[in-house]
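The values are calculated or read from the model by the stated rules, or taken from the named source; none is laboratory data. Quick caveat: nothing in here was measured; it's all calculated off a predicted structure. Note that each Cβ is placed from the backbone with ideal geometry, even for glycine, and that neighbours are counted across all protein chains shown. Side chains are part of the model used for accessible areas, which takes the heavy atoms of the whole protein and leaves out ligands, DNA and RNA. Shrake-Rupley method; radii C 1.70, N 1.55, O 1.52, S 1.80 Å.
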Amino acid sequence: MPILYMSPACGHCHKVLDEANALGVALELRSITNPENATALMEHGGRMQVPYLIDEARDASLYESDAIVAHLKKCQDEFE
């Protein structure tokens, strides 16, 4: 399952969440309000920026909401 690092106050994160819901794509959500998740985000991506998607099954890591949405749409049928 793809992992989405996000912040509850982030409009771009909600854009990704709304699109994932519309597509029926389940995401594991990790809020950076949790310090452990914030540290993990920096370790994985190197920037304190959300949204950030990690899709290990497709070897993809993406920051920008438009890029994340495009990835979800492209791979929609492949997600469990």
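Restricting attention to region 35-58, the residues that are farther than 20 Å from Leu17 by Cβ and hydroxyl-bearing (Ser, Thr, Tyr) total 1. Looking at region 1-23 only, could you name the residues that are in contact with a helix residue (DSSP H, G or I) (Cβ under 8 Å, 6 or more places away or on another chain) and open to solvent by 60 Å² or more (accessible area, probe 1.4 Å)? Those that are in contact with a helix residue (DSSP H, G or I) (Cβ under 8 Å, 6 or more places away or on another chain) and open to solvent by 60 Å² or more (accessible area, probe 1.4 Å): His12, Lys15.
Look at region 2-21: where a residue is touching a residue at least 24 places away in the same chain (Cβ under 8 Å) and a partner is open to solvent by less than 80 Å² (accessible area, probe 1.4 Å) and of a type in the set (Gly, Ala, Ser), sitting 6+ places away or on another chain with Cβ atoms under 7 Å, you get Met6/Ser31; Ser7/Ser31; Pro8/Ser31; His12/Ser65; Cys13/Ser7; Lys15/Ser65; Val16/Ser65.
Going through (1) free of Cβ contacts under 8 Å to residues at least 12 places away in the same chain; (2) open to solvent by less than 30 Å² (accessible area, probe 1.4 Å) one by one, Leu41 falls short only on (1). Of the residues Met1, Met48, the single one that is at pLDDT 95 or above and among the aliphatic types (A, V, I, L, M) is Met48. When region 24-38 is examined, which residues are found to be assigned to a helix (DSSP H, G or I) and open to solvent by 60 Å² or more (accessible area, probe 1.4 Å)? Pro35, Glu36, listed by residue number. Among the residues of region 24-32, are any on the phi > 0 side of the Ramachandran plot and not aliphatic (A, V, I, L, M)? Yes, region 24-32 contains a residue that is on the phi > 0 side of the Ramachandran plot and not aliphatic (A, V, I, L, M).
Taking residues in region 22-36 that are touching a residue at least 40 places away in the same chain (Cβ under 8 Å), and partners anywhere that are among the basic types (Lys, Arg) and open to solvent by 60 Å² or more (accessible area, probe 1.4 Å), the pairs with Cβ atoms closer than 7 Å and at least 6 places apart or on different chains are Leu23/Lys73. Each residue in region 57-72 was checked for being assigned to a helix (DSSP H, G or I), without any contact (Cβ under 8 Å) to a residue 12 or more places away in the chain and among the charged types (D, E, K, R), and 1 pass. The lone criterion from (1) open to solvent by 100 Å² or more (accessible area, probe 1.4 Å); (2) in a helix (DSSP H, G or I) left unmet by Cys75 is number (1). Return a yes/no flag: does region 37-52 have any residue that is more than 10 Å from Met6 (Cα to Cα) and within 9 Å of the chain's Cα centre (by Cα). Scanning region 37-52 turns up no residue that is more than 10 Å from Met6 (Cα to Cα) and within 9 Å of the chain's Cα centre (by Cα).
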